[in-house]
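Working notes, beginning with the structure itself.
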Amino acid sequence: MTSPQEPGQLLNELAEIMDKLRSPAGCPWDREQDHLSLRPYLIEEAYEVLEAIQLGDPHKLAEELGDLLLQVVFHAQIAKENGTFDLAEPLRQIVAKMRRRHPHVFADVHVNSSAEVMHNWEAIKAKERSGEPSTSLLARVPRNMPSLLQAYKVQEKAAQVGFDWDDIHGAWSKVEEEQQELLEAVRAEDTAKISEELGDLLFAIVNVARFLQVEPETALLSTVIKFRHRFAYIEQQAQAAGRSLEDYTLEELDQWWNEAKNLSAELD
């Protein structure tokens, strides 16, 4: 698996490939892209990296990280053509930031725990932004983040200034309150209210996840992957029997579901 080339050489080669693809002699599709048109691919590649991590597949992870890196190089090439920056600039910025944000490694600051590391990290970030115009505490949470992750982040920011429950019991009580309000909206058959209350319930559950130190986006992704695997087992059993899924009762499908669940437990 070890390449005879250094990572820097390979990064330069990838940048040269992208430069060629964007040239008049290159690829028509690549030449047509801009920062905006590439947004869906950046999100897609990031999620494929997450899936590879969830699957515990190192070969797939290496492949997907390469695809994600390609998006970075692609955007840098477009920026270079626009005369704004080149690939070296984001590399320079992240190297400087990592050194600056880790004074306990690259300077003489002493820490005793990861909690202190995070406290210092936030303090350094605040100092870096001290000269910037004042904005909302939540302004730095991107609005186009996935909803679960965005909810987690805005709650985290609010908690930093004390806008938070004293402990997880308050968060649990809020879940129960929101669940009751959703049930009332369902009984009233109020479609708009149902949507609102369901959102409130999900937001409250995210708060519980935060107290449990579980990142909800990743947790839900893990469950989705698990569902996909078990449902694929059901499809395989139906296909082996030569019948369509629609020909089976829910009880029969559920039996295969439980078989898949037991198989997963054995593999674990």
Original post:
Pick from 51, 32, 89, 122: which is more than 17 Å from the chain's Cα centre (by Cα) and at pLDDT below 90?
Top reply: 122
Subject >> Residue under evaluation residue 206, criteria (1) exposed (fewer than 15 other Cβ atoms within 10 Å of the Cβ); (2) assigned to a helix (DSSP H, G or I); (3) outside the structural domain of residue 251 (by TED's automatic domain parsing), criterion not met >> reply: (1)
Subject >> Sole residue being acidic (Asp, Glu), at pLDDT 90 or above and surrounded by fewer than 12 Cβ atoms within 10 Å (Cβ to Cβ), chosen from 189, 197 >> reply: 189
Subject >> Residue that is nearest to residue 57 (Cα to Cα), among those in the stretch 210-268 that are aliphatic (A, V, I, L, M) and in a loop (DSSP other than H, G, I, E, B) >> reply: 214
**OP:** Filter the stretch 34-61 down to residues that are over 17 Å from residue 73 (Cβ atoms), among the small types (Gly, Ala, Ser) and not in a helix (DSSP H, G or I), then give me how many there are.
**Re:** 1
Original post:
What number of residues within the stretch 158-195 satisfy the criterion of being under 19 Å from residue 207 (Cβ atoms) and over 29 Å from the mean Cα position of the chain (by Cα)?
Top reply: 2
**OP:** Kindly indicate the residue of the stretch 35-48 that is of a type in the set (Ser, Thr, Tyr) and more than 12 Å from the chain's Cα centre (by Cα) and also farthest from residue 219 (Cα to Cα) among those meeting that condition.
**Re:** 37
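The values are calculated or read from the model by the stated rules, or taken from the named source; none is laboratory data. Everything quoted here is computed from the prediction, not taken from an experiment. Because the Cβ atoms are built from the backbone with ideal geometry, glycine has one as well, and the counts that use them run over all protein chains shown.
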